[in-house]
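The values are calculated or read from the model by the stated rules, or taken from the named source; none is laboratory data. Remember, predicted model here, so these are calculated numbers, not experimental data. No Cβ is skipped: glycine too gets one built from the backbone with ideal geometry, and neighbour counts run over all protein chains shown.
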Amino acid sequence: MMERAMNTSLKIFIKRFYITLLRKKGKSMSESKWASRFVVAAIFQGALATALTAYFVLGQIFWLKPEVSRVIAFGSAGNWFTVGYTTYLIVGVIGVAVTALFYHHIESTLRKPYTGAANMLAWLHLVLMNVGVIGATWLLMIGGYLGGAAMLPPEVGGKGWNPGQVHVNVFYGIPLGYPTWISIFIIILAVGVLLGGLGYLIAWAKKT
């Protein structure tokens, strides 16, 4: 009887322990508001990346002339496209998702909610990082495709331009030029990341 009573008590203890653990876990997860926001942003960026990839793949088959594959294979100005697309996947999708882990560590593991200046810096981090990465990488892709396409021969849909013509008519064919706008968006991205890091340090140093 005593053994049965001990087993029953042990089962009750284990059951209560797991219930308490799950409640604490659920509570900590719900408190990680900034991790959730960056996860949502990463999902949004992932959806954009999927739509963008679908556009390139379908355009390759139906309407883009010259095709994206020709621009990538040719290189030269088309390298802008490759760099822009790859960077967008790494920074815009994976980077934003990984950033959520840092916020989760502060808010859930250390139980230090973002308030005051840290909260404002987190907002700036979220907005500037996402705006900056989209602006910089998408302009790289657009400029790279237009420049690379223009350098291809007319037989495949290009214009047969040399690098000098592409530099003048494509890269600087818009106000201020693609390089200037790309640099501006890279600065916006960098400022967002730096402000996010500052907010992280403020929240981390705060006493619970």
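Of all residues in segment 102-129, those satisfying the criterion of being more than 23 Å from the chain's Cα centre (by Cα) and assigned to a helix (DSSP H, G or I) are 109, 116, 117.
Determine which single condition residue 174 fails, assuming it passes every other condition in (1) closer than 22 Å to residue 52 by Cβ; (2) part of a helix (DSSP H, G or I); (3) free of Cβ contacts under 8 Å to residues at least 40 places away in the same chain. Failing condition for residue 174: (2).
Might you let me know whether segment 133-146 holds any residue that is assigned to a helix (DSSP H, G or I), over 18 Å from residue 182 (Cβ atoms) and not hydroxyl-bearing (Ser, Thr, Tyr)? No, every residue in segment 133-146 fails to be assigned to a helix (DSSP H, G or I), over 18 Å from residue 182 (Cβ atoms) and not hydroxyl-bearing (Ser, Thr, Tyr). Would you say residue 98 is without any contact (Cβ under 8 Å) to a residue 24 or more places away in the chain, farther than 20 Å from residue 35 by Cα, in a helix (DSSP H, G or I) and in the same structural domain as residue 48 (by TED's automatic domain parsing)? So residue 98 fails the test. When 116, 132 are screened for being at positive phi and in the same structural domain as residue 46 (by TED's automatic domain parsing), only 116 passes.
Based on this model, can you work out whether residue 195 counts as assigned to a helix (DSSP H, G or I) and either polar (S, T, N, Q) or within 18 Å of residue 68 (Cβ to Cβ) (or both)? Considered against the rule, which asks whether it is assigned to a helix (DSSP H, G or I) and either polar (S, T, N, Q) or within 18 Å of residue 68 (Cβ to Cβ) (or both), residue 195 comes out as no. For segment 57-66, the tally of residues that are crowded, with 18+ Cβ neighbours inside 10 Å and either assigned to a helix (DSSP H, G or I) or free of Cβ contacts under 8 Å to residues at least 12 places away in the same chain (or both) stands at 1.
Put simply, of 137, 109, 82 the only residue that is touching a residue at least 12 places away in the same chain (Cβ under 8 Å), crowded, with 22+ Cβ neighbours inside 10 Å and not aromatic (Phe, Trp, Tyr) is 137. In this entry, residue 74 passes the filter for residues that are in contact (Cβ under 8 Å) with a residue 24 or more places away in the chain and within 30 Å of residue 146 (Cα to Cα). Please work out if residue 122 is touching a Lys or Arg at 6+ places or on another chain (Cβ under 9 Å) and modelled with pLDDT of 95 or more. Yes.
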